[in-house]
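Take a look at the structure below.
The values are calculated or read from the model by the stated rules, or taken from the named source; none is laboratory data. Because the structure is a prediction, the values reported are computed rather than measured. Here the Cβ is made from the backbone with ideal geometry for all residues, glycine too, and neighbour counts use every protein chain on show.
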Amino acid sequence: MTTSEAPRLAKSLGTEHDRPASLDNPRSPRKPKGGNFEKNAWLFMRFSGLALIVLTIGHMFIMLAWDDGVHRIDASFVAKRWDSPFWQIWDLSMLWLAQLHGGNGVRTVIADYTRKDSTRFWLNVLLALSMILVLVLGTYALLTFQTDSV
């Protein structure tokens, strides 16, 4: 057999990966059993990271460099700031994106470094509970901040 005949012979024999998926399995080999969760989580990390860069740099510039910087920040400043729906949405977006972005990163680390399924399960449960607690308390504090008590 010459080298020019090898590709033709390999093509005629075929491999397991060359056969149509419908012959072996009704599910396509390109679609993982769990769906597209990991792909979507990967995309979320990229887009939320870009959004967080804009939100946090804007936040830091306004809080640290604008007017008198940190010397003007007190409870009345926060109350005036959170009276505006724009700043509420800005800060809520920063809270939610940072929490979900960080939680997704920790979830990936847990998946990479845990050996036992039971350990992985309980670490993910603790992660989910802590994320929910921070999101609920942070959202509650931001949306119910009383301006008249300041």
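Within the stretch 95-111, residues that are more than 14 Å from ASN124 (Cα to Cα) have Cβ atoms under 9 Å from residues that are modelled with pLDDT under 95 and in a helix (DSSP H, G or I) in these pairs: LEU95/LEU142, counting only partners at least 6 apart in sequence or on another chain. Every listed requirement among (1) within 19 Å of the chain's Cα centre (by Cα); (2) surrounded by fewer than 10 Cβ atoms within 10 Å (Cβ to Cβ); (3) modelled with pLDDT of 85 or more is met by PHE86 save one, (1).
Condition check ((1) under 12 Å from the mean Cα position of the chain (by Cα); (2) of a type outside the set (A, V, I, L, M, F, W, C); (3) surrounded by 11 or more Cβ atoms within 10 Å (Cβ to Cβ)) across all residues:
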{"site": "ASN36", "(1), (2), (3)": "no, yes, yes"}
{"site": "PHE44", "(1), (2), (3)": "yes, no, yes"}
{"site": "PHE61", "(1), (2), (3)": "no, no, no"}
{"site": "LYS80", "(1), (2), (3)": "no, yes, yes"}
{"site": "LEU100", "(1), (2), (3)": "yes, no, yes"}
{"site": "LYS116", "(1), (2), (3)": "no, yes, no"}
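From the list LEU142, LEU133, which one is over 15 Å from the mean Cα position of the chain (by Cα), more than 20 Å from PHE37 (Cα to Cα), at pLDDT 95 or above and part of a helix (DSSP H, G or I)?
Checking each option against the conditions leaves just LEU133.
So, ILE53, is that one among the aliphatic types (A, V, I, L, M) and under 15 Å from LEU95 (Cα atoms) or not? Yes: the conditions hold for ILE53.
Only one of the listed residues (VAL109, VAL150) is at pLDDT below 95 and not hydroxyl-bearing (Ser, Thr, Tyr). That residue is VAL150.
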